[in-house]
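Report on the following structure.
The values are calculated or read from the model by the stated rules, or taken from the named source; none is laboratory data. Remember, predicted model here, so these are calculated numbers, not experimental data. With ideal geometry, Cβ positions are generated from the backbone for all residues, glycine too; neighbour counts draw on all protein chains shown. SASA here: full protein model, heavy atoms, side chains in, ligands and nucleic acids out. Shrake-Rupley method; radii C 1.70, N 1.55, O 1.52, S 1.80 Å.
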Amino acid sequence: GQSLEQPSEVTAVEGAIVQINCTYQTSGFYGLSWYQQHDGGAPTFLSYNALDGLEETGRFSSFLSRSDSYGYLLLQELQMKDSASYFCAAYSGTYKYIFGTGTRLKVLA
Amino acid sequence: GAVVSQHPSWVICKSGTSVKIECRSLDFQATTMFWYRQFPKQSLMLMATSNEGSKATYEQGVEKDKFLINHASLTLSTLTVTSAHPEDSSFYICSARPLADTQYFGPGTRLTVL
């Protein structure tokens, strides 16, 4: 079957750096996206990696290794507003997106 | 750019009634829209892929006769939950794809069936 696994919960303090990992198993693979979702809201797009390597967008960076079927989202200079759920999603060979299990990030003051 | 709207944002209905949810891409054309369902504290589950001018493709386990999808134009897709029951209560989210490898989500519709 197809699946994307993430840690269920991560806790860090303001100003810290946190990494959220995602390992995937899909039928075909084009790229990996990351989304942020606050409670009660819809997911918002953060980043997309089609190629191996690191993509940086402000405080957020995303990494992909196709050979390892692995990616991660790196959040730097954590702020309280970063407390949310984060999902990786694979754009699969069937031209649809498969979402990971989600990671709930708690940022402590 | 890349704004997707959904209407209504929330709805409460009685068991046995039907509910229609609209998803619109406001500033781009989307040949493909996706419908997801999300239960509390769970991930997004893809229900179906909606292609303009053709029948939707449903994921395994999703009843196509219960969740009717129509994609009448390049900017509008609708999901109708027919004969809704309490177990259909969930957060329904659509997304629209302007390019092959990106999708943008609508704000979601919270459905409560009494």
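Specify which residue in the list B:TRP35, B:PRO86, B:GLN60 is farthest towards the positive end of the charge dipole of chain B, using unit charges on the beta carbon of Lys, Arg (+1) and Asp, Glu (-1), about the Cα centre.
Comparing the listed Cα positions along the dipole, B:PRO86 ranks first.
If N is the number of residues in the protein assembly as shown, what value comes out of its Cα radius of gyration divided by 2.2 N^0.38 Å?
1.02
Using a 10 Å cut-off on Cβ to Cβ distances, tally the other chain neighbours for every residue of B:36-44 and report the average as a whole number.
Average neighbour count from other chains, rounded to a whole number: 5.
If you build the convex hull over the alpha carbons only and average its shadow over all orientations, what do you get for chain B? Give it in nm² to one decimal.
6.7
Top to bottom by accessible area (1.4 Å), largest first, where do B:HIS7, A:HIS38 land?
Highest to lowest solvent-accessible surface, that is B:HIS7, A:HIS38.
Report for the protein assembly as shown the percent antiparallel among DSSP-assigned beta bridges with both residues inside it, nearest 5.
Beta bridges within the protein assembly as shown, antiparallel portion: roughly 90 percent.
Do any residues of the stretch A:55-103 show a loss of at least 40 square angstrom of accessible area between the isolated chain and the full protein assembly, using a 1.4 Å probe, and if so which?
A:TYR91, A:LYS96, A:TYR97, A:PHE99
Determine the share of chain A's accessible area contributed by carbon and sulfur atoms, expressed in whole percent, with a 1.4 angstrom probe.
50
Which residues make up the longest stretch of chain B clear of trypsin sites (Lys or Arg not before Pro) that lie in a DSSP loop with no more than 11 other Cβ atoms within 10 Å, not counting the sites?
Counting only loop sites that pass the neighbour cut-off, the longest clear stretch is B:42-114.
Run down the lysines and flag those whose C-alpha is under 17 Å from the C-alpha of A:LYS96, throwing out any fewer than 8 positions away in its chain.
Those lysines meeting the cut-off are B:LYS55.
So which lysines can B:LYS14 reach, going by Cα to Cα under 23 Å and dropping same-chain residues fewer than 8 places off?
B:LYS64, B:LYS66
For A:LYS106, which aspartates and glutamates qualify as cross-link partners when the Cα separation must be under 14 Å and same-chain residues fewer than eight apart are set aside?
Once the sequence-local aspartates and glutamates are set aside, what remains near A:LYS106 is A:GLU9, A:GLU14, A:ASP39, A:GLU77, A:ASP82.
Using the Cβ atoms and a cut-off under 13 Å, what net charge is assigned to the surroundings of B:LEU76, where Lys and Arg are +1 and Asp and Glu are -1?
Combined, the nearby Lys, Arg, Asp and Glu give 0.
Please report the buried accessible area for the interface of A with B, total over both chains, probe 1.4 Å, in Å² to the nearest 100.
Roughly 1500 Å² of accessible surface disappears when A and B pair.
Can you compute the modelled spin-label distance between A:GLU5 and A:GLN76, with each label point 7 Å from Cα toward Cβ, in nm?
It is 3.0 nm.
Tell me the per residue accessible area of chain B using a 1.4 Å probe; a whole number in Å² is fine.
Solvent-accessible surface per residue comes out at 49 Å².
Can you work out the accessible area per residue across chain A, with the rest of the protein chains kept in place, probe 1.4 Å, in square angstrom? Don't jump to the answer; show the numbers that get you there.
Working: 4990 Å² over 109 residues.
That works out to 46 Å² for each residue.
Ignoring ligands, DNA and RNA, what percent of the accessible area of chain B is carbon or sulfur (1.4 Å)?
About 54 percent, which is the carbon plus sulfur part of the accessible surface.
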